[in-house]
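The values are calculated or read from the model by the stated rules, or taken from the named source; none is laboratory data. These figures come from a predicted structure and were not determined experimentally. Virtual Cβ from ideal backbone geometry, glycine too; neighbours counted across all protein chains shown. Heavy atoms of the whole protein, side chains included, go into the accessibility calculation; ligands, DNA and RNA do not. Shrake-Rupley method; radii C 1.70, N 1.55, O 1.52, S 1.80 Å.
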Amino acid sequence: MRRPSRRLIYAFIASLLVGYGVSWGIMAGVLEAPLRLYGFGNLTWVALLVAFLLLIFLDNPLQLRMFDWPQAGEKKKEKAAKAKQYTGLADWLTTVDHKKIGIMYFVFSFSFFLIGGLLALVIRAELALPGLQFLTQARYNEFFTMHGTTMIFLGIIPMLASFANYVVPLQVGARDMAFPRLNAFALWMFLFGGLLLYTSFFFEGGAAGGWTAYAPLSTATYFPNKGMDMWIVGVYVVGTSSILGAINLIVTILNMRAPGMGLNQMSLFTWTVLVQSILIIFGTPALAAALTLLFIERNLGASFFSAQGNPVLWQHMFWFYSHPAVYIMVLPAMGIVSEVLPVFARKPIFGYRMIAYSTVAIAVLGFIVWAHHMFTAGIGYGLQLFFMMGSMVIAVPTGVKIFSWIFTLWGGSIDFKTPLLFAVGFIVTFTIGGISGVFNALVPIDTQIHDTYYIVAHLHYVLFGGSVMGMFAGIYFWFPKVTGRMYNEMLGRLQFWLMFIGFNITFFPMHFLGLLGMPRRYADYEAGLGWENYNLLASVGAFLIAASILPLFWNVAYSLVRGRRAVGDPWQANSLEWWTTSPPPDYNFLEIPTVHSERPTRDLRLDKKPPTAPPPSVTPPVSSPAPASK
């Protein structure tokens, strides 16, 4: 192992000093804790974490070569070549290949997504008519808690991680992720955390504090059962997995790009994954800290969120993560839409740099608007004004994206394949969610509708109409690349229309329910208040959404067995993952091409070069990743 360079040593010392300054600022300015309580050890750990993150970001600009270690010796290569190769299930359980890990991420997260959907069906069946039908209020709270937790932490975020794991190394021209074993560890940690979350059902009372777990209601005073503790530990483990995956993706994107690929030559999906990963690194520790304090209060008798502490502190810490988490869930879906639209409109994306830089603007502004979730929590008028203005300003970069997508479609030779249908569905439903969000940003209006079903409608138009529609666009767009088979177009369109119609039938009436005063998080409501018809309509739509998943299952099963074989680039697409075979070989590319623009596959296609397929006589290279030359 080579000795670190003098430049790296100096950069580490400078970064460590900055880290101590940040840690001291957190201790003195945020926590207002003296050093004897905060501890020098905690001060040092935070300083080391900050120094490590700074070195990662400075590695490429300063040429520190933190990850540019020499290749293993010839004996190690021969030993690796002779190592036992697993097959079948053992191969999948022990793999460090980013493509297989991405597929397993998708299978696990989609399974949790279906479970969360089943919980939603039970909730909608209960609310279809006035009166308690078959759930007690306590069981309803458990289902409501686990539905929200599952969809966010176990469904949407890790499903987007599955796309990132599979596609990003291909789009940047890398052989694998920067840290393949860390990638595998994050996958199994995610699965373990998800199973921990669901063990809460085995304890009396379960986890019934709501997916936001508002303290002090989630403290032992009100929920003394151990199910809530399992919820805390499960979310903590899943959050740690997200941080590990985010670090891996950042290093891969910044340090392993193909020759000639600068930041402005990356695909827009890779751009959004990079920004999403930065959001995860800076936002998730706040949630982890809040969970740690809540666990200590529940089990060790501390008073962080009770009347002796600060009852509003949990909301600040939770929403400091959870509002950026909205963009953690939406930005990669926006990246997918930005990939799909130019391919099926047969023209370049309109405003490539505007879309990329507006992604960064959304991330920055996302950290200064968290308290618009707290307008009814008693914060001061000055803070209300600040967060109201910030919440309105953040609509600007989002509007930049929407208009760029519309202008991309304008005048194009549009081919309405299933990926494009879901992408257009994303634009329509997410725009509705964004418009309703502008109303929520106004303090006088939000004060009236904050605890009503209007917020439920807004949330689902952003996360389901945004994130989930984008995910299904990605599923159909990259299905040929992952499986090597083409899907059935008729079944794909059938699923889209069932889901799109069912979604709007379910959630659009909730706007009216909110304006009529129906409170959210309630297991029951009285008859005669004008809510019955809207609730029944929403429940019918929910079952229509569930029915839309059936054509997807049939499509996947049929296509894997009898689908037409896909060529390397069936869509005549733009980004680099289409310049290899479908599915890609273990080492991704026989030869990593040089990139000259943000549409490298189109450039290579115009040069009439065939997609890179390994000749039968060529021995595949060693699968361990190596940083691409700059």
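With the full set of protein chains in place, find how many percent of the accessible area of the range 348-403 is carbon and sulfur; take the probe as 1.4 Å. Before the final figure, lay out each step's value.
Working: 2100 of 2580 Å².
Exposed carbon and sulfur together represent 81 percent of the surface.
What length, rounded to one decimal in nm, is gained on full extension from Arg346 through to Trp410, with 0.36 nm per residue of separation minus their alpha-carbon distance? Walk me through the numbers on the way to the answer.
Numbers: separation 64, 0.36 × 64 = 23.04 nm, distance 1.08 nm.
In short, 22.0 nm is gained.
Using a cut-off of 19 Å between alpha-carbon atoms, which aspartates and glutamates can reach Lys100, once sequence neighbours fewer than 8 places away in the same chain are excluded?
Within the straight-line cut-off, Lys100 pairs with Asp91, Asp176, Glu577, Asp586.
Can you pull the percent of the range 276-345's accessible area that's carbon plus sulfur, 1.4 Å probe, other chains left in place?
Details: 1330 of 1920 Å².
Ligands and nucleic acids excluded, carbon and sulfur give 70 percent.
Using a 1.4 Å probe on the protein heavy atoms only, what accessible surface does Lys347 show? Give it in Å² to the nearest 10.
Only protein atoms counted, so the area is about 60 Å².
Given H placed 1.01 Å from N in the peptide plane, which residues other than close sequence neighbours of Thr452 have an amide H under 5 Å from its amide H?
Arg520
Let me cross-check Glu297: its accessible surface, 1.4 Å probe, with only protein heavy atoms counted, in Å² to the nearest 10?
Ignoring ligands and nucleic acids, Glu297 comes out at about 20 Å².
Can you show me the helix-derived [θ] at 222 nm for the chain, built from DSSP H runs with n ≥ 4 at -39,500 (n - 2.57) apiece and divided by the number of residues, rounded to the nearest 500. Show your work: numbers first, answer last.
On the way: 22 runs with 399 residues, N = 630.
That comes out to -21500 deg cm²/dmol.
Between the range 385-432 and the range 177-213, how far is it from one alpha carbon centroid to the other, in angstrom?
Spelled out, the Cα-based centre of one part sits 32 Å from the other.
Multiply the residue separation of Phe203 and Thr136 by 0.36 nm, subtract the distance between their alpha-carbon atoms, and state the gained length in nm to one decimal. Could you put the intermediate results ahead of the total?
Values: separation 67, 0.36 × 67 = 24.12 nm, distance 1.62 nm.
That works out to 22.5 nm of additional length.
Using protein chains only and a probe of 1.4 angstrom, how many square angstrom of Arg124 are accessible, to the nearest 10?
In the full protein context, Arg124 sits at about 20 Å².
So how much slack lies between Ala220 and Val22, counting 0.36 nm per residue of separation and subtracting their Cα-Cα distance, in nm? Let's see the in-between values first.
Working: separation 198, 0.36 × 198 = 71.28 nm, distance 3.29 nm.
Difference between extended and current length: 68.0 nm.
Under a straight-distance cross-link criterion of Cα-Cα below 16 Å, which aspartates and glutamates are reachable from Lys417, leaving out those fewer than 8 residues away in the same chain?
Candidates past the 8-residue exclusion: Glu339, Glu489, Asp569.
Which whole-number value in Å² is the accessible area per residue of the chain, probe 1.4 Å?
Working: 27400 Å² over 630 residues.
Dividing the accessible area of the chain by its residue count gives 43 Å².
Please find the FRET efficiency linking Asn299 to Thr594, where r is the Cβ-Cβ separation and R0 is fixed at 51 Å, and quote it to the nearest 0.05. Could the numbers behind the result be given before it?
Values: r = 57 Å, r/R0 = 1.12.
The pair Asn299/Thr594 has a calculated efficiency of 0.35.
Over the Cα atoms of the range 183-315, how large are the radius of gyration and the largest Cα-Cα distance (Dmax), in Å?
Gyration radius and largest Cα-Cα distance of the range 183-315: 18.4, 59 Å.
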